[in-house]
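Quick notes on the structure that follows.
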Amino acid sequence: MSQFSSIIPRPLELEVGQGNFQISRDTPLIADTPVAQDAIAWFVGEFYSQSGISLRQSGEGASGAITMRLQSDLAPENYVLSIRPEGVEIRASEASGFFYGAVSLLQCVPFESPIGVGEWQLPTLEIRDAPRFGWRGLMLDSVRHFQPLSWVKKFIDVMALHKFNVLHWHLTDDQGWRVEIDKYPVLTSVSAWRKQSRVGHELNGGDDDFDGRPHGGFYSKQQLRDVVAYAAARGITIVPEIEMPGHATSVIAAYPDLSCTGGPFEVSPKWGIFDDVFCAGNDDVFRFLEDVLNEVLEIFPSQFIHVGGDECHKTRWKECPKCQARIKAEGLADENELQSWFVRHFDTFLSAKGRRLIGWDEILEGGLAQNAAVMSWRGEEGGVAAAKAGHDVVMAPHQQTYLDYYQTSNRDGEPLSIGGDLPLSKVYAYEPIPQSLSADEAKHVLGGQGQLWTEYMLRPESVEYMAFPRACALAEALWSSVQPRDFDEFLSRLEIHLRLLDRMNVNYRPLNK
Ligand code: TNX
């Protein structure tokens, strides 16, 4: 397989012509629009990491140049890349289109086979490309195990290389709190730290199976703003997740009055689902979460804000006088409706600020505000129900998108994982539009994403091992409209593509392990 057709995700149209273009340290880069600036800066940086050679940006038109040219009739993420013997042109209408054109161009350079010192030959070709879905995401859990910001940036770099455009960032959970909030400094002094962590699999864990080592950390506001801008320059929107009303142990460990029983609690050293959650009958809970969200909105400009909503046990609510009083006062049928009342409160709150709420599919139970979007993780059913009811949906069914599952049914030599069985071929075959949706209903499917829950990924290298190459396959399932998908043909492109990841030092799972 030759280099030029190895692009992942596969472009919509690619036509190969006669002749070659030579790229070297003397090749100038020209932007005829400031909108292309981020794409040029990224290309220069990545070209340097791949080859050790610094390209220059030039002001004037020249033959033999790489030129970024505005073509305003193209849709925002679409681009045209034309490589001809006399020069390269990338056309797009907005920053993201230029960016994707630059990503494809980078993938056309055969870095491992130069024709001279710092000189490579690119084939003549014309690519017209457009993504199939507008939400092409990966979810990163930085709670169960914390990753330093420098690594989060590396992860964003690798995402960008695959034209992912959403980083759904799981920042709060039972085991920690990772966002600095000025009004509640205890969230970072107490909630961000746990005394120890479970060793081995939670299901086999005994009372003594803990590592005895504190674990934690948080991102300062300045770091978060920095990474939001870093991601934006690579076409990636960060969607933060602040969990409610369940997965809240780290918060109620610091503020036990926000629970139904008053505690005491500790930031959880275990994985799993816990009974103690935010009290839905206590107005302080709503004030607290609104304050938190107000600060979160200042940091993250994303349209969508994720409020979790998953796996909220109703055990405490059933026995809590305040929750029961709320059910009565609001005329709710049961605890499920209490959860939906809770979520609706924040839907109204976020909508008033011009944002949109998204949550895991449990937010459908008991009724959902029309503006809210659903992330379907317990299979496709939640997504189907939501789309039929007119809600926007992001597909994240665990069977095909949980990248914390084992990559092979033979688990010998594989690092301990939560379970499951999700080989590369199954991710590649993933079809985000459920068959039971009509064409109109299918319009509500914004796209899909892969999940990296990190209970069993203790270090960033482990996240890389679980994420890649499966995320390469998912990127194609979310971007490419080319049908049918041929797994063997994908594998032959992937072999070439993985050399880029080698040079980026990505600890992916080798193909023939
Ligand atoms: C379920 S998926 C969870 C997470 C776990 C994950 C492990 C979802 C919305 N909740 O809290 O980390 O399973 O696979």
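The values are calculated or read from the model by the stated rules, or taken from the named source; none is laboratory data. Here the structure is a predicted model, which means the values were calculated and not measured. All Cβ positions, even for glycine, are placed from backbone atoms using ideal geometry, and neighbour counts span all protein chains on display. Areas reflect the complete protein model, heavy atoms only, side chains present, ligands, DNA and RNA absent. Shrake-Rupley method; radii C 1.70, N 1.55, O 1.52, S 1.80 Å.
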Neighbour net charge for L478 - beta-carbon separation under 10 angstrom, K R +1, D E -1: +2
Computed on Cα atoms only, the convex hull of region 3-129 has an orientation-averaged projected area in nm² of 6.9
How large is the accessible surface of V44 in square angstrom, using a 1.4 angstrom probe and rounding to the nearest 10? 40
Carbon and sulfur atoms: what percent of the 1.4 Å accessible area of region 233-289 do they account for? 46
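Can you pull the percent of Cα pairs in region 330-392 with separation above 14 Å?
53
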In region 172-228, trypsin sites (Lys or Arg not before Pro) in a DSSP loop with at most 16 other beta-carbon atoms within 10 Å: K183, K195
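If you count only protein heavy atoms with a 1.4 Å probe, what accessible area per residue comes out for region 135-486, rounded to a whole Å²?
Values: 12340 Å² over 352 residues.
Accessible area per residue: 35 Å².
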Any chance you could check the Cα centroid distance between region 148-214 and region 35-84 for me, in angstrom? 36
Ratio to report: Rg/Rh of region 389-458, with Cα atoms as the point set and Rh obtained by the Kirkwood method; give two decimals. 1.08
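Cβ neighbours within 10 Å, averaged per peptide: list 467-475, 95-103, 26-34, 73-81 in order, most packed at the top. Display every interim value, and only then the final one.
Working: 467-475: 24.6, 95-103: 26.3, 26-34: 16.6, 73-81: 18.6.
The peptides rank, most packed first, as 95-103, 467-475, 73-81, 26-34.
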Find the eigenvalues of the gyration tensor of the Cα atoms of the chain, then list the square roots of 5 times those eigenvalues as equivalent ellipsoid semi-axes, largest first, in whole angstrom. 43, 24, 22
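Which net charge results for the neighbourhood of P11, defined as the other residues with beta-carbon distances under 12 angstrom from its beta-carbon, given Lys and Arg at +1 and Asp and Glu at -1? The partial results should precede the final answer.
Values: positive: R10, R128, R132, K163, R493; negative: E13, E15, E126, D129, E476.
Summing Lys/Arg as +1 and Asp/Glu as -1 gives 0.
Keeping all protein chains in place, calculate the accessible area per residue for region 3-129 (probe 1.4 angstrom), answer in Å².
Details: 5180 Å² over 127 residues.
Each residue of region 3-129 exposes 41 Å² on average to a 1.4 Å probe.
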Would you work out the relative contact order for region 148-217, in percent, from Cα pairs under 8 angstrom that are 6 or more residues apart? 22
Restraint check, K353/K426; K314/K353; K163/K388; K322/K388; K195/K513, Cα-Cα greater than 31 Å: K353/K426; K322/K388; K195/K513
Quick one: what are the phi-derived ³J(HN,Hα) couplings along region 409-420, Karplus 6.51/-1.76/1.60 with θ = phi - 60°, whole Hz, x for glycine and proline? 6, 8, 8, 4, x, 8, x, 3, 10, 5, x, x
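Using only helices, what value at 222 nm comes out for the chain when you add -39,500 (n - 2.57) per DSSP H run of length 4 or more and divide by the total residues, to the nearest 500 deg cm²/dmol?
Details: 16 runs with 165 residues, N = 513.
It lands at -9500 deg cm²/dmol.
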Tally the DSSP beta bridges in the chain and give the antiparallel ones as a percent, rounded to 5. 40
So, with +1 on the Cβ of K and R and -1 on the Cβ of D and E, and no other charges, what is the size of the charge dipole of the chain about its Cα centre, to the nearest 20 debye? 660
Round to the nearest 10 and report in Å² the accessible area of S49, as given by a 1.4 Å probe over the protein chains' heavy atoms. 70
Whole-Å distance linking the alpha carbon centroid of region 369-415 with that of region 250-278 is 27
